[in-house]
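Below you will find the structure I want to go over with you.
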Amino acid sequence: MIQQCLTGCSWCSKSQKTFAAVRLAFRKFLPMFDRVLVERLAAETMSKGGIMLPEKAQGKVLQATVVAVGPGSINKSGALQPVCVKVGDSVLLPEYGGTKVLLDDKDYFLFRDADILGKYEN
């Protein structure tokens, strides 16, 4: 079942309970201008050989999923320049940067649209 997020983008199909919890969390926070709110993927805790990796050995995860987007920025002519990504896209992030945001005990990161390095095709 396809749901609609608060910004009007199609939402990936998930359970009704998860969608309701996310919707309530983002009722409190929506990105402004060309900002994009992302959730980083979890780091690998086990090697391919089955060895548990300590936190220091785990690499920084640069892949994330877009959970909310702002409406866009205003260009020099006064027109609205929309954001290049939409909710549900998988994106590649820079190693450093972004602002950490804590919503409902989960860590999210806020990036500018121009800071996102790329988008993965589904």
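Every number here is computed from the coordinates shown, using simple stated rules; none is lab data. Quantities reported herein were computed from a predicted structural model and do not represent experimental measurements. Neighbour counts are summed over all protein chains in view; Cβ atoms, including those assigned to glycine, are modelled from backbone coordinates with ideal geometry.
Once Rh is set to the Kirkwood radius over Cα pairs, what Stokes-Einstein translational diffusion coefficient, in µm²/s, holds for the range 46-110 at a temperature of 25 °C and a viscosity of 0.890 mPa s? Kindly include the intermediate steps, with their values, before the conclusion.
Working: Rh = 14.9 Å.
In µm²/s, the coefficient is 164.
Taking 30 Å as R0, compute the FRET efficiency from the Cβ-Cβ separation of N122 and I51 and round it to 0.05.
On the way: r = 31 Å, r/R0 = 1.05.
Using R0 = 30 Å, I get an efficiency of 0.45.
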